[in-house]
Structures are given as C-alpha cells and as structure tokens.
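None of the figures in this text is laboratory data; all of them are computed from the coordinates on show. Because the structure is a prediction, the values reported are computed rather than measured. No Cβ is skipped: glycine too gets one built from the backbone with ideal geometry, and neighbour counts run over all protein chains shown.
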Amino acid sequence: MTVAANSAGTTGTAGPPGTAAPEGPGGAETLHGGPDRPGLGPRLDALTAAARRNPLVAWAIRYAAWVGPVAIALFAGVLRFTALGHPHDFVFDETYYPKDAWSLLQQSYEGTWPDNANAKILATPQQIPLSPAAEFIAHPQLGKWIISIGEALYGLNPFGWRFMTALLGTVVVLITCRIGRRLFRSTLIGCTAGLLLAVDGLSVVLSRVALLDGVLTFFVLCAFGCLLVDRDKARERLAAGLGRGWRPWRIAAGVALGCACGTKWNGAYFIVGFGLLTVLWDAGARRRYGAKSPYPNMLLRDAPTAFASLVILPAVLYVSSWAGWFMSDGGWDRHWAPGSGFGPTMRSWLHYQWQMWQFNTTLTSPHTYQSNPWSWLVMARPVSMYWHTVNTGANGCTANGGCTQDILALGTPLLWWAACAALVYAVYRWGFRRDWRFGAVLCAVASGWLPWLLYQDRTVFSFYMVVIAPYMCLALAGMLGAVLGPVGCSPQRRVTGGIAAGALVLAIMACFAYFYPIYTAEQISMSAWRARMWWTSWI
C-alpha cells in the first residue's frame with residue numbers, strides 16, 4: 001500500500017475509499033495494474049497496450065482528464081454569463097468598485113464621484129461625472145484593475161464591469177476540477193468538486209457582481225494549485241536523488257499570493273497558512289526519502305527559499321500593484337510627506353497603508369446584513385445585495401401580492417450543510433488517518449475563515465466565505481469518494497455507494513435550481529420568494 005506524508009510530515013495510508021492511492025513522486029495516475037489498484041490491473045494493462053499500438057487511443061487517454069473539467073467549466077460559464085447585464089443597476093458594493101476601476105483606467109488613481117453619479121452612468125445618454133480630486137479607498141488597487149479590463153472592452157455598464165468576475169468565476173471551476181484530480185488522483189472526484197462549485201449559489205452570485213472577493217478567490221486558488229504541483233515536482237526530484245532544485249511552481253504560488261494581497265488584505269492570511277503547509281510538506285518529503293533529521297533539514301534547506309518565494313516575493317508584488325498610485329500625481333495622500341523623491345513618496349504611501357489598516361480594523365458601523373463569523377459556514381445570515389419590488393400588472397407581473405427581483409448571496413444550502421459534515425470527515429481523515437490531502441483542504445478553509453473570528457466587533461459579512469467555497473467542495477467530493485467505496489470493493493458495494501453519492505449530488509443541483517431565481521434577480525412572485533426563505537434570518 002502506498003504511503004504519503006501529511007501536512008505535519010508524518011506518514012499514513014493513502015486515499016479515502018473510492019480513490020486511487022496517492023502516487024509516488026511523479027504525481028500522475030498510473031494505468032498499470034498492481035497492489036495499489038486491485039481489481040483494475042488486467043483492464044488497465046489492456047488499455048495501456050492499446051495506447052501503445054494506436055496513437056489516437058494514446059491521445060484520448062492523455063487528454064481525457066481535460067474533457068470533463070472543460071465541459072463543467074462551460075456549464076459554469078453559462079450560469080455565470082447568462083443575462084450578466086441584469087439587473088441594469090449597481091448591486092451592493094458595485095457602487096464603489098466599478099467606478100474606482102473606471103477611475104484607474106482614466107487617471108491611475110481613484111477619483112471622487114458626485115452623489116448622483118450612479119444615475120448618470122446608467123442613464124441614456126450616459127454621463128460619467130468623474131472628478132480628478134482623490135478619494136480615500138479602503139482596498140488595494142489590483143482587483144479594481146482586473147475589473148477595469150471588462151470596462152475597457154465593453155464600457156462602463158453592468159456587463160462591462162461584471163465581465164471579469166464572471167470570467168474568473170468560470171475559470172475557478174476549471175481549476176477546482178484539476179486541483180481535485182491532482183489532490184485525489186481521481187478525475188471523477190475532481191469533476192465532482194468542480195460541478196459542486198459550479199452550482200454553489202454564493203460562487204454564482206459573487207461571479208455575477210463586480211466585487212473584489214471573486215477576484216481574491218481566483219488568486220488564492222491559483223496559489224493552492226501551484227503549491228500542489230510544487231509538492232509533486234519536488235518529490236519527483238528527491239526520489240531521483242536530484243535534490244530540490246529550481247522550484248518555479250512555488251514561485252508562481254508566491255506571485256498568486258502577492259496578487260491576492262493586492263486585491264484584498266485578507267489574502268495575507270493565506271500566505272501564513274500556505275507557507276506553513278508547504279514547508280511541512282517539505283519536511284515530510286525529506287523524512288520519506290531518508291533524511292534522519294527532516295525538520296532541521298527543512299529549516300536549513302527549504303524554509304529560506306520558501307520564505308523568499310511566499311513572503312518576500314508577495315510583498316514586492318503588493319507594493320508593485322500600487323504602480324498607478326506611484327506614477328500619478330493626484331492619488332490620495334500622494335504628497336502627504338513634504339518633499340519629492342523616493343523617501344517622501346514611500347512615507348506618503350506607508351501613511352496611506354496605515355489609514356487603510358485603521359479603517360479595516362475598526363469598522364463598526366452597523367449594517368442590516370452583518371453577521372457573526374461563527375454562523376458563516378451554515379449560511380445563517382446571507383446578504384441581500386439587490387431588492388426590487390414589482391407591482392401586480394407592471395413589468396409582466398401577474399401574481400397577487402406583486403413580484404420581486406432579489407439577489408441573495410446565499411451558498412446553495414444543501415451543498416454548504418453537507419460540506420460542513422465533510423469538514424468533520426476531513427478532520428477525521430487528517431487527524432486519525434494521517435491523510436495529507438484533507439489536511440491541505442482544512443488548511444485552506446482555516447486560512448479563509450478562522451482569522452475572521454478575531455473580529456467579533458467589526459462589521460463583516462458572510463459572503464467573504466466565497467474564498468473557501470472551492471475547498472468546501474473539495475472536502476465534500478473527497479467524502480463522496482469514500483461513500484462510493486474503496487478500490488477493489490464488490491460491484492454491489494460500488495453500486496450502492498454510487499447511488500448514494502449520486503443522489504446527494506443530484507439533490508444539491510436540484511436545490512441550486514430551486515434557489516437560482518434569487519441568485520440572478522429573476523422576477524418571481526412574492527409568494528415564491530417567501531417559500532425560499534427557509535430561515536427567518538435569510539430575510
């Protein structure tokens with residue numbers, strides 16, 4: 001049986017039931033039979049032989065693992081791009097970020113807007129009343145630069161400012177499929193994770209509005225995926241006796257984490273979590289491949305380069321993400337420090353960062369939809385981002401009592417509740433079975449959720465949890481692999497497990513379809529809307 005190191009560097013048996021055992025250092029699924037794949041050897045040997053004889057079969061085998069993920073991503077794209085310009089309005093914090101993004105396009109810093117700017121922007125003919133006077137902004141610039149790409153392509157309109165978040169939200173589903181496949185060595189489980197994310201209501205909502213959290217989710221997931229590839233590549237070299245060598249995938253993870261921090265500051269929490277994760281993986285790898293003192297070895301040989309890749313590099317990229325502010329002459333506090341040159345410019349920038357820190361750590365203004373982070377995983381208090389009532393007889397509404405258009409940032413309830421159970425299973429797999437894969441998922445969830453528990457008095461919202469949605473889906477998909485049954489189990493066990501796992505996935509998809517109208521501001525009757533308010537705290 002294959003063994004693998006967990007995130008604490010210890011070893012244990014590989015794989016939840018229903019998945020292939022984790023690979024050796026190479027990272028790819030094997031097509032040959034053997035003790036790791038009981039019951040499949042003859043069939044896989046025949047497939048391998050066919051691949052050697054026929055190049056077309058070889059090509060199909062090589063790229064089959066992309067067909068499912070791409071198909072699921074296309075499905076996710078349809079959900080995210082259909083009627084993306086509706087509602088033709090500013091949704092929730094879209095009153096800030098799209099205008100900031102447009103301002104960056106025009107003058108490289110965030111300017112001010114009059115109180116009636118939203119109405120003028122949405123009017124026909126359009127007016128864009130941007131002022132060159134600087135505005136204090138509480139978040140870094142990179143996420144708004146990303147949003148501005150869509151505005152540069154399609155203009156300052158709802159479709160334009162939502163285009164990039166919808167595109168990144170679609171790509172996130174594709175990346176989740178591929179991460180799940182690499183993590184669990186199962187294309188089926190990877191595609192299941194991606195499909196679950198495709199029908200997560202919270203992810204759909206945050207992909208269809210121009211907020212920063214969807215952009216943050218993309219960069220954090222890229223970092224996670226890069227570190228998984230780095231883990232496999234580093235073990236390949238150790239197994240071959242070549243040492244660690246050049247580690248471009250960890251550098252790529254550092255780039256992604258720097259971009260995450262340049263989007264929202266809570267990206268820094270993932271630097272801490274993922275940094276610890278990767279060096280513990282290094283220690284586990286050194287133990288597996290013969291190091292007598294794996295942790296001192298890791299501290300001397302791996303930790304310094306990890307620090308450079310995952311701390312210093314993101315810090316440099318974070319500062320670089322403010323290039324627009326540095327190159328402008330009118331940004332907020334651009335000339336706070338007297339004088340000119342590098343020194344006064346950096347003092348002015350640091351003062352601006354201090355102001356942002358003060359704002360983000362002391363915000364206590366009450367909000368109707370604020371909630372306690374303890375309640376976020378069960379979606380106890382979702383945020384209503386858009387609400388528009390339609391009287392009977394108007395705009396095609398025929399229902400007694402009128403109609404409504406609502407956008408509720410609510411994760412698909414059955415998905416998130418099942419994923420909470422999957423987190424408990426993940427704790428068991430990591431804590432008692434030494435399964436590093438579930439440890440990695442737990443690390444990502446902890447990095448995105450636990451730090452918010454420290455801010456009990458701050459005004460915070462449950463939609464921040466969109467950043468951990470991919471890992472919740474990975475945890476649930478991994479648990480469904482266990483439900484499916486272990487490799488080599490009886491056909492009857494497989495059928496029973498497949499029916500149970502498939503039934504849950506279908507139920508989650510049906511739940512998403514039921515709530516879809518309140519994710520996309522589809523017009524429904526007030527009675528239909530009330531039927532979807534399962535908890536009074538959702539209203």
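Taking a ≥ b ≥ c as the square roots of the eigenvalues of the alpha carbon gyration tensor, the stretch 250-398 is oblate, as a/c is not under 1.5 and a/b does not beat b/c. Taking the Cα centre of the stretch 127-215 as origin and assigning +1 to Lys and Arg Cβ atoms and -1 to Asp and Glu Cβ atoms, the resulting dipole is close to 460 debye. For the chain, the list of Cys residues with no other Cys C-beta under 4.7 Å reads Cys177, Cys191, Cys222, Cys226, Cys259, Cys261, Cys420, Cys443, Cys473, Cys489, Cys511.
Picking from Thr412, Ala482, Ala422, whose Cα lies most toward the positive end of the charge dipole for the stretch 396-485 (charges on Cβ: Lys, Arg +1; Asp, Glu -1)? Farthest towards the positive pole: Ala482. Computed packing ranks the peptides 163-176, 112-125, 86-99 as 163-176, 86-99, 112-125, most packed first, by mean other Cβ atoms within 10 Å. Based on the alpha-carbon gyration tensor of the stretch 203-242 and its eigenvalue square roots a ≥ b ≥ c, which shape applies: rounded if a/c is under 1.5, prolate if not and a/b is larger than b/c, or oblate? It is prolate, given that a/c is not under 1.5 and a/b is the larger ratio.
The base-10 log of I(q)/I(0) for the chain, evaluated at q = 0.10 Å⁻¹, reads -0.87 [Debye formula, identical scatterers on Cα atoms, solvent excluded].
According to the calculation over all Cα-Cα pairs in the stretch 298-344, the P(r) per 5 Å bin from zero is 5, 17, 17, 16, 12, 10, 9, 7, 6, 1 %. Taking +1 at the Cβ of each Lys and Arg and -1 at the Cβ of each Asp and Glu, which of Gly254, Gly267, Gly243 sits farthest along the dipole of the stretch 180-293 towards its positive end, judged by Cα position relative to the Cα centre? Farthest along the dipole direction, towards plus: Gly243.
Round to the nearest 0.05 the FRET efficiency obtained for Ser527 and Leu276 when R0 = 45 Å and r is the Cβ-Cβ distance.
0.35
Derived value for the stretch 451-524: Kirkwood hydrodynamic radius 15.5 Å. Basis is the mean of 1/r over every pair of different alpha-carbon atoms.
For the stretch 162-213 versus the stretch 74-122, the spacing of their alpha-carbon centroids is 22 Å.
Projecting the Cα atoms of Leu130, Cys177, Thr217 onto the charge dipole of the stretch 129-244, computed from C-beta unit charges around the Cα centre, puts Cys177 farthest toward the positive end.
What does the extension gain come out to for Ala503 and Ser384, with contour length at 0.36 nm per residue minus their alpha carbon separation?
Contour length minus Cα-Cα distance gives 39.8 nm.
In this structure, Thr95 and Thr361 have a Cβ-Cβ separation that, at R0 = 22 Å, corresponds to a calculated FRET efficiency of about 0.45.
Between Ala399 and His351, the contour length at 0.36 nm per residue exceeds the alpha carbon distance by 11.7 nm. A simple spin-label model places pseudo-atoms 7 Å from Cα toward Cβ; at Ser293 and Leu450 they are separated by 2.9 nm.
Only lysine pairs 8 or more places apart or on separate chains count here, and in the chain those with Cα atoms under 29 Å apart total 7.
For the stretch 231-331, dividing the convex hull volume of the Cα atoms by the residue count gives 86 Å³ per residue. Dipole magnitude for the chain: about 2140 debye, using +1 per Lys or Arg Cβ and -1 per Asp or Glu Cβ, origin at the Cα centre. Subtracting the Cα-Cα distance of Asn391 and Val67 from their residue separation scaled by 0.36 nm leaves 112.0 nm.
Taking a ≥ b ≥ c as the square roots of the eigenvalues of the Cα gyration tensor of the stretch 109-204, is the shape rounded (a/c under 1.5), prolate (a/b larger than b/c) or oblate? Prolate shape, in that a/c is at least 1.5 and a/b is the bigger ratio. Ranked by the mean number of other Cβ atoms within 10 Å per residue, highest first, peptides 339-346, 377-384, 272-279, 311-318 order as 272-279, 377-384, 311-318, 339-346.
Computed about the Cα centre, the dipole magnitude for the stretch 93-175 is approximately 180 debye when only Lys and Arg (+1) and Asp and Glu (-1) carry charge, each at its Cβ.
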